[in-house]
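The block underneath contains the structure these notes are about, expressed in structure tokens.
The values are calculated or read from the model by the stated rules, or taken from the named source; none is laboratory data. Because the structure is predicted, anything quoted here is derived from the model rather than measured. Protein only, heavy atoms only, side chains kept; ligands, DNA and RNA dropped before computing areas. Shrake-Rupley method; radii C 1.70, N 1.55, O 1.52, S 1.80 Å.
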Amino acid sequence: MEVRDINDRPLPDHCDDFLDLRLPVDHSRLAQSLLRMIRDDHGQLSARSVHFFRDGEEIGSWSLERERAEMAFTGPREQTPSAAA
């Protein structure tokens, strides 16, 4: 696992072997959860992204930019009243 700051440099306190990356999970959503946890629990406001690698190949990642893009995409739909209302 690699956590990067706003300048795209690794944050060594969070870069380590995390778990068995062969587990059948959505590694991008796991990265999303970990990025939120790191930023909330550890005060690492400089943490910008989390990346998972297996055998040198990225298998999942999440970033603040992706978070903002997803919120912008899903935000209006959540506020739209349903047809039954």
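Relative to the present Cα-Cα distance, how much length would full extension add between Ile59 and Arg29 at 0.36 nm per residue of separation?
On the way: separation 30, 0.36 × 30 = 10.80 nm, distance 1.13 nm.
Full extension from Ile59 to Arg29 adds 9.7 nm.
Can you pull the accessible area of Phe73 for me, 1.4 Å probe, Å² to the nearest 10?
Probe radius 1.4 Å; accessible area of Phe73 about 140 Å².
Provide the solvent-accessible area of Met71, counting protein heavy atoms only and rolling a 1.4 Å probe, rounded to the nearest 10 Å².
Met71 exposes around 120 Å² with every protein chain in place.
If each residue of separation counts as 0.36 nm, what is the full-extension length gain between Ser46 and Met71 once their alpha-carbon separation is subtracted? Provide the component values of the computation, followed by the final result.
Details: separation 25, 0.36 × 25 = 9.00 nm, distance 2.00 nm.
Here the answer is 7.0 nm.
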